[in-house]
Amino acid sequence: MVQLYGKHLSRGEFEALSGASGHAAGVRLVELVEGVERGMRMLEFRSGTGLRFTVLVDRAMDIAECDYRGQGIGWHSPAGFRAPTLHDYEGEGGLGWMRSFSGLMVTCGLDHILFMNETDTASYHYGPRQTASHSLHGRVGTIPARLTGYGERWEGDELILWAEGVVTQGAVFAEHLELHRRIEITAGTNDIRLSDRVVSRGFYRTPHMLCYHINVGHPLLDEGARYVAPIHDVVWAAHADSYDAQGVGYRDMPAPQMNFHEQVWQHDMAADAEGRVPVALVNDRLGLGFMVTTRKDQFPCQYEWQNLQAGQYAVGIEPSSHHVLGNQAARDRGEMIWLEHGDARSYDTVFSILPDADAVADAEARIRAISDQPDAAYPATSGHFRALEGRE
């Protein structure tokens with residue numbers, strides 16, 4: 001049944017209300033025509049609950065805007081949703097990625113995540129290029145997808161809104177990786193389901209890394225918003241040498257700050273009995289929250305990003321295939337994922353709007369049933385980067 005407007009409707013009852021499902025819920029393809037966004041294809045989803053989100057087909061099918069009943073969830077940065085034709089991956093010493101960084105979700109990968117790095121490329125057997133120079137967070141996030149389908153379909157009395165596409169990251173004498181992405185939501189619900197499958201189409205032994213930079217903005221992010229997660233251990237903090245100098249701990253968020261330097265944490269999360277890890281940002285004043293649920297066996301690592309600078313105000317929930325130590329460390333520790341031709345890795349994630357205080361309380365109870373999180377704003381970091389299993 002479709003749950004809309006306080007009713008449970010069969011397909012026939014729903015279709016009797018209008019000549020098209022778009023009066024309540026649907027997916028449509030549009031093209032952006034102004035400024036740095038010009039020329040990009042975008043899919044707009046409306047689930048019928050007041051949840052609206054957009055998917056940038058020409059930027060890896062990442063999720064850009066997200067709002068619920070007029071309240072913003074996704075982050076809007078000064079960079080805007082910049083067309084990939086304007087992107088210079090190797091610009092600014094590898095930091096050019098920052099000029100295309102905006103939106104609820106930005107994918108990092110497919111063979112590199114985190115900071116700039118020079119890595120050995122012996123597996124590609126090409127003498128003139130002995131190493132690969134990686135810029136910040138990898139290439140995939142600004143590669144256009146081949147849109148393979150989108151629309152609405154009925155499964156019995158459930159209306160499913162969906163889109164699929166393939167993003168190819170490849171070069172001669174280098175990696176040939178494909179990201180097969182499917183995004184769907186059931187009409188009348190607030191759960192966005194993301195299914196990714198990364199496949200090696202090349203015939204070289206190829207490294208693979210993946211991270212989602214999931215960014216929450218105002219008004220969900222506001223003074224008093226709380227980071228809620230089943231934290232088993234606080235492993236690392238980028239600002240450990242000045243741990244409390246900015247007066248911002250990992251859990252409670254302040255108002256926008258002047259001259260704030262980003263803070264990044266790595267947390268080791270506990271999982272529930274099904275291997276799922278839910279992490280949320282909640283706003284008690286609004287009675288609103290946003291939760292990301294991943295699988296521990298797919299994303300064993302989690303980062304928390306705090307960019308609380310005025311005008312750039314954001315908090316990031318970042319599930320990752322690897323530790324924050326980076327590309328070279330993953331190789332040195334024997335934790336790099338290596339893909340041969342036809343090998344694939346799957347990632348299944350759910351983004352959930354928590355629409356009211358009861359939903360926030362239920363989510364928090366679910367998380368606390370898995371593990372209590374540290375009470376201290378500045379918990380001691382353990383430095384224990386546990387060994388990651390099943391990498392090959």
Worksheet entry | Partnerless cysteines, meaning none of the other Cys C-beta atoms lie under 4.7 Å away, in the chain | Cys66, Cys301
Worksheet item: Can you list, bin by bin at 10 Å, the percent of alpha carbon pairs in region 36-80, starting at 0?
Response: 27, 54, 19, 0
Fill in: Computed P(r) (all Cα pairs; region 211-273; 10 Å bins; percent)
17, 49, 30, 3, 0
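Let me know the volume per residue of the alpha-carbon convex hull for the chain, in Å³.
146
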Item to complete: Starting from the Cα gyration tensor of region 161-246, take the square roots of the eigenvalues, sort them a ≥ b ≥ c, and report rounded, prolate or oblate (rounded when a/c is under 1.5, otherwise prolate if a/b is larger than b/c, else oblate).
Response: oblate
Worksheet entry | Potential extension, Arg345-Arg285 segment - 0.36 nm per residue separation minus Cα distance | 17.6 nm
Practice prompt. Provide the packing ranking of 2-13, 162-173, 97-108, i.e. peptides ordered by the mean count of other C-beta atoms within 10 Å per residue, highest first.
Written response: 97-108, 162-173, 2-13
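Under 13 Å from the Cβ of Glu15, count the other residues' Cβ atoms, weight Lys and Arg +1, Asp and Glu -1, and hand me the total.
Numbers: positive: Arg11; negative: Glu13, Glu152, Asp157.
For residues surrounding Glu15, the net value is -2.
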Item to complete: Compute the Rg/Rh shape ratio of region 278-345: radius of gyration over Kirkwood radius, all on alpha-carbon atoms.
Response: 1.10
Response to the item:
GNM of the chain, Cα pairs under 10 angstrom: of Gly289, Gly275, Gly138, the biggest fluctuation goes to Gly275
Worksheet item: Taking Rh as the Kirkwood radius, which is the inverse of the mean 1/r over Cα pairs, what is the Rg/Rh value for region 95-195?
Response: 1.10
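So, counting K/R as plus one and D/E as minus one, what does the shell of residues with Cβ under 13 Å around Ala314 add up to?
Net charge around Ala314: -4.
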Item to complete: Starting with the highest mean, order 319-326, 79-86 by the number of other Cβ atoms within 10 Å, averaged over the residues of each peptide.
Response: 319-326, 79-86
Discussion item. Whole angstrom only: what separates the Cα centroid of region 251-265 from the Cα centroid of region 76-132?
Written reply: 25
Worksheet entry | Ranked order, Arg331, Arg181 - accessible area, probe 1.4 Å, largest first | Arg331, Arg181
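Scan region 29-59 for GluC sites (Glu not before Pro) in coil per DSSP, keeping those whose Cβ has at most 10 other Cβ atoms within 10 Å, and list them by number.
Taking region 29-59 and a limit of 10 other Cβ atoms within 10 Å, the loop GluC sites (Glu not before Pro) found are Glu34.
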Item to complete: Can you tell me the order of 187-193, 277-283, 201-207 when each peptide is scored by its average per-residue count of other Cβ atoms within 10 angstrom, highest first?
Response: 277-283, 187-193, 201-207
Worksheet, complete the sentence: Placing one equal point scatterer on each C-alpha of region 170-304 and summing with Debye, one gets log10 I(q)/I(0) at q = 0.10, 0.16, 0.19 Å⁻¹ equal to -0.47, -1.03, -1.23
Worksheet entry | Radius ratio Rg over Rh of region 235-392, counting only Cα atoms, Kirkwood formula for Rh | 0.98
Response to the item:
Which of Ala273, Ala329, Ala24 fluctuates most in a GNM of the chain (C-alpha springs under 10 Å)? That residue is Ala273
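The values are calculated or read from the model by the stated rules, or taken from the named source; none is laboratory data. If you're wondering where the values come from, they're calculated on a predicted model, not measured in any experiment. Counting neighbours? That spans all protein chains shown, and the Cβs are built from the backbone with ideal geometry, glycine included. The protein model used for the area step is the full one, side chains on, heavy atoms only, and it has no ligands, DNA or RNA in it. Shrake-Rupley method; radii C 1.70, N 1.55, O 1.52, S 1.80 Å.
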